[in-house]
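Engineer: Here's a structure for you.
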Amino acid sequence: MRTRMTRRASAALIAGFAASLGLATLPALAATQLTGAGSTFVYPFFSKAFYTYSQSHSDVTVNYQSIGSGGGIQQFIAKTVDFGASDVPMNSDELKRAGGVVVQVPVALGGVAVTYNLPSSVPGGLRLTREVVSEIYLGKITQWNDPALVKLNPHASLPNIPIVSVHRSDGSGTTYIFSDFLSNVSKEWKDKVGTGKSVQWPGTNTVGGKGNEGVAGQVRQTSGAIGYVELAYAIENKMTTAQIQNKAGKWVSCTESTVRAAAATKPNVSATDFSIVDRSAENAYPISGYSWVFVFENPTDKGRAKLVRDVLSWTTGADAQKIAGTLNYVPLPESVQETAKKALAEVKV
Amino acid sequence: MAATLLFVAIVVGLFLQLVHGSWESLTTFGPGFIWSSAWNPVTNKFGALPFIFGTVVSSAIAIVVASVVGIAAAVFLAEFAPPFIARPISFLIELLAAVPSVVFGLWGLFVLAPVLARSVDPFLAHTLGFLPLFSGPIYGVGLLTAGLLLALMIVPTVAAITRDLILAVPNELREASISLGATRWETTMRVVVPAARAGIMGACVLALGRALGETIAATMVIGNRPAISASLFAPSYTLSSVIANEFTEATSSLYISALLELGLILFVISVIVNGSARLLMFSMLRRERPR
C-alpha cells in the first residue's frame, strides 16, 4: 500500500516536473532578456512591474539588478546593461563619459518623512518649520525645549533633552533629496554643506544609520532623536512623522497626496531641472524627489532598444504607476507621465 | 608550489590593484590624506584619519576584551572543566564563530546598544566619568559598543584555538610540574600556558585581523560619524564601513579613488599588524629554544 502510493506520488511528481519544465522553458527560450541596473529604491517597484509586464508580453523578461545608483550609472556607461536607474539624474560629467546622447526619464516618485522619538507623544504630530529643520541639522538648535520648538508646539510638553540628529550613513537618494531641501531653505546649509548622496554632516550630536532601517532603528532607540526616512518605509512601519510648514505657510504631513501636489507643480521635469523640493503650491510637501531611468538616444542594437523603450514607456505609464501606488510609492502625476512618454519617443529605434 | 605562488600572486596583485585604483587620490591628496580629517563628498575633499582612528580603537578594545575572556575560557575548558561541561561549551563556542556577522550586527543594534545605553554606559559615566574616556553624551551606538560587539565576534577564534593549543601541550610537562610539587593551578599558569603562548599570540593576531576588517556588524553599531573623540561613548567610523556604505553611490572618480585608498590603508594596517606579531612570535620562540 505504502509503496504503491509512493510510486504513484513520484510518478505524479515526475510528470509535474516535466510539465513545469516544459511550460517554464519554452517561453523563456523565446523571450529576450533585457537587463537594467541601479537604484535600490526603485527595486520593489521594478520587480513587480517587470513581472507584470512579462505576464502579458511573453517575448520579454527584464532582469533588474539593484546595485545602487552609482553602480547603475557605471554599468550603463560601460554599456553592460540596457538601461540604468538612479535616484539622481546623471550629471554633465557622467554624461560626457557615457559617450552618446542619453535620454533620462522620471520613473518613480518618493517623499522623505521626518521622524522623531520623544518621551511623551505630541498631539497631532510635531510641527517643524523649514528653518527649524535646517537649524536642527546644522547643530544650532540643540535642545528639545528650545524656544523656537516650544513656540511651534505650544501644546506639547517638550523635554529638556538634547536633540540627536540621525542621518543615513550609506550614500543614498534619500539623503540627496533631504540635503537638496536643506540647501533650498537655508543659505548657510548651502554654503557649508551642500547637496549630495553623502554629505559632511555639520552638527556635533549626530549619528549615522545604514539604510532606512538603520536610521529608523536608531531613532526608535534614542530618546530625543530626529531622523529622516523614505515615505514608503515610514508608512510600512507606522512611524511617527512630523508636519512641516511648506513655502505657502501650510502645515503638511508627508503623504502620497502632498508629495504628488509638489510633483504636479513641475510637469516639465527634466534631467537638468529635476528638483521638486520646497515648492510653493498650497498642499505641496517640501521634501520629495524622483528616481530616473536612462537609455541611449541612438542605440546600436535597434531591436533590443525597441523592447527596452516599450518596457519603460509602460513602466512610466498609468498601469504601472498604479502598481507603484500599491507598494507605497507615489504614482507619477499624469503630466509627468506625459513628459516621460515624450522623452522616450526620442529614442531612435 | 604552484598553489603557493598563486597566493603570492594574489596578494601582490591585490596590492598593486589597490595602488592603481587609488592613484588619483594618492596624487591629489598626497600623504596628507592619512592625517586629514575632512570627508566631504560634495566638495571632493577626503582624508582618512577619523576612519583609521575608529578602526584601530574599536579593534584594540575588541582584542583586549576578547583575549582576556577567550584565553580564560580556553584554560578553564581545557584544564579544569569536566568533559560533560567542556564538550557542549566548546561546541557552542565554535557555533558562535559560525554566526553570520550581520546577525551579530542586528543583535548589537537592537539588544546590545540599548542595554549599554540604559545601564552599562551610565554606570561607567557615573563611576569613571572623571576620565575623558567615559564622559560625554551617550548614544548607545559608538566606539565602546562596536569594540564589545567585535570582541564577542572574535572570542570564539581566540577560545577555540587556545583550547586546542593547550590540549596539545604534552602531558609529560604537566606530570613533571606536579611531581615537583606544583599545584594544578601553578602547573597551568606557569607551565602549560607559557608552553603554548606563541600559538596563543598567533590566535589573537588571527582574531585581530577579523576585527580590523569586520564591516557590516561594525557599521551597524559604531554610529558612522567620521570624527575623533576622546570619549568611548562617541560615534565613530571604520575604514571598511565607510567603503561599504559609500561605494555603491560614489560616482565621481576622485571619490571612488579615495574610497579605494582607504582600502589600501586597511590593507597596509593588516600587513603591519600581522608582520609585527610574526616578529614578536619569532623572537619569543627563539628565546625559548634551549642553547
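The values are calculated or read from the model by the stated rules, or taken from the named source; none is laboratory data. Keep in mind that what you see is a predicted model, and the values were worked out from it rather than measured. Because the Cβ atoms are built from the backbone with ideal geometry, glycine has one as well, and the counts that use them run over all protein chains shown.
Engineer: Kindly provide the set of residues from the stretch A:165-200 that are over 21 Å from residue A:132 (Cβ atoms) and charged (D, E, K, R), ordered by number.
Structural biologist: A:170, A:197
Engineer: From the list B:58, B:67, which residue is touching a Cys at 6+ places or on another chain (Cβ under 7 Å), in a helix (DSSP H, G or I), modelled with pLDDT of 95 or more and under 21 Å from residue B:221 (Cβ atoms)?
Structural biologist: Of the residues listed, the single one that is touching a Cys at 6+ places or on another chain (Cβ under 7 Å), in a helix (DSSP H, G or I), modelled with pLDDT of 95 or more and under 21 Å from residue B:221 (Cβ atoms) is B:67.
Engineer: Let me ask another. Looking at A:275, A:270, A:291, A:280, can you tell me which residue is of a type in the set (Ser, Thr, Tyr), farther than 25 Å from residue A:326 by Cβ and under 15 Å from the mean Cα position of the chain (by Cα)?
Structural biologist: Result of the check over A:275, A:270, A:291, A:280: A:275.
Engineer: Is there any pair with a first residue in the stretch B:137-149 that is farther than 13 Å from residue B:105 by Cβ and a second that is in a loop (DSSP other than H, G, I, E, B) and aromatic (Phe, Trp, Tyr) whose Cβ atoms are under 9 Å apart and which are 6 or more apart or on different chains, and what are they?
Structural biologist: B:137/B:233; B:138/B:233; B:139/B:233; B:140/B:233; B:142/B:233; B:143/B:233; B:144/B:233
Engineer: Can you name the number of the only condition in (1) more than 14 Å from every other protein chain (Cβ to nearest Cβ); (2) modelled with pLDDT of 90 or more that residue A:23 fails?
Structural biologist: (2)
Engineer: Report, ordered by the first and then the second residue, all pairs with beta carbons closer than 6 Å, sequence separation of six or more or different chains, a first member in the stretch A:216-233 that is within 14 Å of chain B (Cβ to nearest Cβ), and a second member that is surrounded by fewer than 24 Cβ atoms within 10 Å (Cβ to Cβ) and in a helix (DSSP H, G or I).
Structural biologist: Listed pairs, sorted by first residue: A:221/B:114.
Engineer: Of the residues B:37, B:59, which is within 14 Å of chain A (Cβ to nearest Cβ) and closer than 26 Å to residue B:234 by Cβ?
Structural biologist: B:37
Engineer: Which residues, counting only those in the stretch B:164-183, are exposed (fewer than 14 other Cβ atoms within 10 Å of the Cβ) and either over 20 Å from residue B:86 (Cβ atoms) or basic (Lys, Arg) (or both)?
Structural biologist: Correct list: B:172, B:175, B:176, B:179, B:180, B:181, B:183.
Engineer: Quick check on my filter: what residues within the stretch A:318-335 are in contact with a helix residue (DSSP H, G or I) (Cβ under 6 Å, 6 or more places away or on another chain) and buried (at least 16 other Cβ atoms within 10 Å of the Cβ)?
Structural biologist: Listed by number, the residues that qualify are A:320, A:323, A:324, A:328, A:329, A:330, A:331, A:332, A:333.
Engineer: Which residues, taken from the stretch B:233-252, are more than 7 Å from chain A (Cβ to nearest Cβ) and not in a loop (DSSP other than H, G, I, E, B)?
Structural biologist: Selection gives B:236, B:239, B:240, B:241, B:242, B:243, B:244, B:247.
Engineer: Hand me the list of helices (runs of 4 or more DSSP H) wholly inside the stretch A:254-349 holding 2 or more residues that are under 30 Å from residue A:125 (Cα atoms).
Structural biologist: In the stretch A:254-349, A:256-264, A:318-326 are the helices (runs of 4 or more DSSP H) which contain 2 or more residues that are under 30 Å from residue A:125 (Cα atoms).
Engineer: Residue B:103 fails exactly one of the following numbered conditions: (1) within 15 Å of residue B:218 (Cβ to Cβ); (2) more than 24 Å from the chain's Cα centre (by Cα). What is the number of that condition?
Structural biologist: Every condition holds for residue B:103 apart from (2).
Engineer: If residue A:170 meets every condition in (1) surrounded by fewer than 16 Cβ atoms within 10 Å (Cβ to Cβ); (2) among the acidic types (Asp, Glu); (3) not in a helix (DSSP H, G or I) apart from one, which number is that one?
Structural biologist: The single condition residue A:170 does not satisfy is (1).
Engineer: Give the stretch A:268-293 a look and list any residue that's under 16 Å from residue A:177 (Cβ atoms) and touching a Gly at 6+ places or on another chain (Cβ under 9 Å), or say none.
Structural biologist: Result: A:274, A:275, A:276, A:277, A:285, A:287, A:288, A:289, A:290, A:291, A:292.
Engineer: From the list B:210, B:278, B:286, B:225, which residue is closer than 30 Å to residue B:126 by Cα and among the basic types (Lys, Arg)?
Structural biologist: B:225
Engineer: Tell me whether the stretch A:268-283 contains one or more residues that are more than 16 Å from residue A:87 (Cβ to Cβ), of a type in the set (Gly, Ala, Ser) and modelled with pLDDT of 95 or more.
Structural biologist: Scanning the stretch A:268-283 turns up no residue that is more than 16 Å from residue A:87 (Cβ to Cβ), of a type in the set (Gly, Ala, Ser) and modelled with pLDDT of 95 or more.
Engineer: Any idea which residue in the stretch A:186-211 is farthest from the other protein chains (Cβ to nearest Cβ), counting only those that are in a loop (DSSP other than H, G, I, E, B), without any contact (Cβ under 8 Å) to a residue 60 or more places away in the chain and under 19 Å from residue A:275 (Cα atoms)?
Structural biologist: My answer is A:186.
Engineer: Pick from the stretch A:184-225 the residues that are among the charged types (D, E, K, R) and closer than 17 Å to residue B:244 by Cα: which of them is surrounded by the fewest Cβ atoms within 10 Å (Cβ to Cβ)?
Structural biologist: Checked the stretch A:184-225; the qualifying residue surrounded by the fewest Cβ atoms within 10 Å (Cβ to Cβ) is A:213.
Engineer: Okay, moving on. Could you list all residues from the stretch A:268-295 that are surrounded by fewer than 17 Cβ atoms within 10 Å (Cβ to Cβ), closer than 15 Å to residue A:339 by Cβ and free of Cβ contacts under 8 Å to residues at least 60 places away in the same chain?
Structural biologist: The answer is A:273, and nothing else.
Engineer: Taking the condition of a type in the set (Gly, Ala, Ser) and surrounded by fewer than 18 Cβ atoms within 10 Å (Cβ to Cβ), does residue A:58 pass?
Structural biologist: Judged against the criteria, residue A:58 is a match.
Engineer: Moving on to the next point. Is it the case that some residue within the stretch B:171-193 is within 24 Å of the chain's Cα centre (by Cα), modelled with pLDDT under 90 and more than 14 Å from chain A (Cβ to nearest Cβ)?
Structural biologist: Looking through the stretch B:171-193, none of the residues is within 24 Å of the chain's Cα centre (by Cα), modelled with pLDDT under 90 and more than 14 Å from chain A (Cβ to nearest Cβ).
Engineer: Going by the conditions given, is residue B:283 away from chain A (no Cβ under 13 Å) and either crowded, with 19+ Cβ neighbours inside 10 Å or part of a helix (DSSP H, G or I) (or both)?
Structural biologist: So residue B:283 fits the description; yes.
Engineer: Also: Identify the residue in the stretch B:138-153 that is assigned to a loop (DSSP other than H, G, I, E, B) and in contact with a strand residue (DSSP E or B) (Cβ under 7 Å, 6 or more places away or on another chain) and, among all such residues, is surrounded by the fewest Cβ atoms within 10 Å (Cβ to Cβ).
Structural biologist: Per the stated criteria, the residue is B:139.
Engineer: Can you work out which of the residues in the stretch B:114-137 that are surrounded by fewer than 22 Cβ atoms within 10 Å (Cβ to Cβ) and under 16 Å from residue B:220 (Cα atoms) is farthest from the other protein chains (Cβ to nearest Cβ)?
Structural biologist: Checked the stretch B:114-137; the qualifying residue farthest from the other protein chains (Cβ to nearest Cβ) is B:115.
Engineer: Residue A:83 fails exactly one of the following numbered conditions: (1) away from chain B (no Cβ under 11 Å); (2) modelled with pLDDT under 95. What is the number of that condition?
Structural biologist: Against the list (1) away from chain B (no Cβ under 11 Å); (2) modelled with pLDDT under 95, residue A:83 comes up short only on (2).
Engineer: Considering only residues that are aliphatic (A, V, I, L, M), loosely packed, with under 14 Cβ neighbours inside 10 Å and over 13 Å from residue B:268 (Cα atoms), which ones fall in the stretch B:5-29?
Structural biologist: B:5, B:6, B:8, B:9, B:10
Engineer: Same structure, new question: When you go through (1) surrounded by 23 or more Cβ atoms within 10 Å (Cβ to Cβ); (2) within 14 Å of chain B (Cβ to nearest Cβ); (3) in contact (Cβ under 8 Å) with a residue 60 or more places away in the chain; (4) within 30 Å of residue A:36 (Cβ to Cβ) one by one for residue A:179, which number turns out not to apply?
Structural biologist: Evaluating residue A:179 over (1) surrounded by 23 or more Cβ atoms within 10 Å (Cβ to Cβ); (2) within 14 Å of chain B (Cβ to nearest Cβ); (3) in contact (Cβ under 8 Å) with a residue 60 or more places away in the chain; (4) within 30 Å of residue A:36 (Cβ to Cβ) leaves (3) as the failure.
Engineer: Sticking with this one: When you go through (1) closer than 24 Å to residue B:221 by Cβ; (2) surrounded by fewer than 17 Cβ atoms within 10 Å (Cβ to Cβ) one by one for residue B:83, which number turns out not to apply?
Structural biologist: Going through the list (1) closer than 24 Å to residue B:221 by Cβ; (2) surrounded by fewer than 17 Cβ atoms within 10 Å (Cβ to Cβ), residue B:83 breaks only (1).
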